[in-house]
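Accompanying notes for the structure given below.
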C-alpha cells in the first residue's frame, strides 16, 4: 500500500514529509495542486484546514475529485472560542455540495487535544 502525505504547515513547524511555506494560507491554497492524473486516492484526510481556505467549497470539490469511486474524505475540524473555525453544520453543508452523505462525530475527549475543551471539535466522514 502506498501512502501519500502532504503536510501543509502555515506555522513553519516540523513536518512529517514535506511542508509548503508561503506568505499566507490563501497563498498556499492558491498554489497547492494535489494529485496526479489517473491516480485516485482511497482517503483524503484534512485536519483543521478547510476552515482556513478562501473557498472551502472549491477545496472540497478538488479533494473529492482526487478520490477513487469509493474513496472517503475525512475531515477533523472545529469551531473555537476565538471565533475561528468551522461549525459542524457549516462543514456538513460544504460536504453536501459534492457528496450525498456526511456523518459527524463530536470529538470532545481530552485524549485528542491534550486537555479538556469547551468548544466544538468533530470528525466528519462522507461515504458514497
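Out of 27, 88, 59, 81, I need the residue that is at pLDDT below 95 and within 23 Å of residue 117 (Cβ to Cβ). Which one?
The unique qualifying residue is 81.
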Residue that is surrounded by the fewest Cβ atoms within 10 Å (Cβ to Cβ), among those in the stretch 70-101 that are part of a strand (DSSP E or B) and touching a helix residue (DSSP H, G or I) at 6+ places or on another chain (Cβ under 7 Å): 85
Qualifying residues in the stretch 50-69 (those that are in contact with a strand residue (DSSP E or B) (Cβ under 8 Å, 6 or more places away or on another chain) and not in a helix (DSSP H, G or I)) - the one surrounded by the most Cβ atoms within 10 Å (Cβ to Cβ): 67
Checklist (1) touching a residue at least 24 places away in the same chain (Cβ under 8 Å); (2) surrounded by 14 or more Cβ atoms within 10 Å (Cβ to Cβ) applied to residue 104, failing item: (1)
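The values are calculated or read from the model by the stated rules, or taken from the named source; none is laboratory data. Everything numeric in this text was worked out from a predicted model, so none of it was measured. Neighbour counts are summed over all protein chains in view; Cβ atoms, including those assigned to glycine, are modelled from backbone coordinates with ideal geometry.
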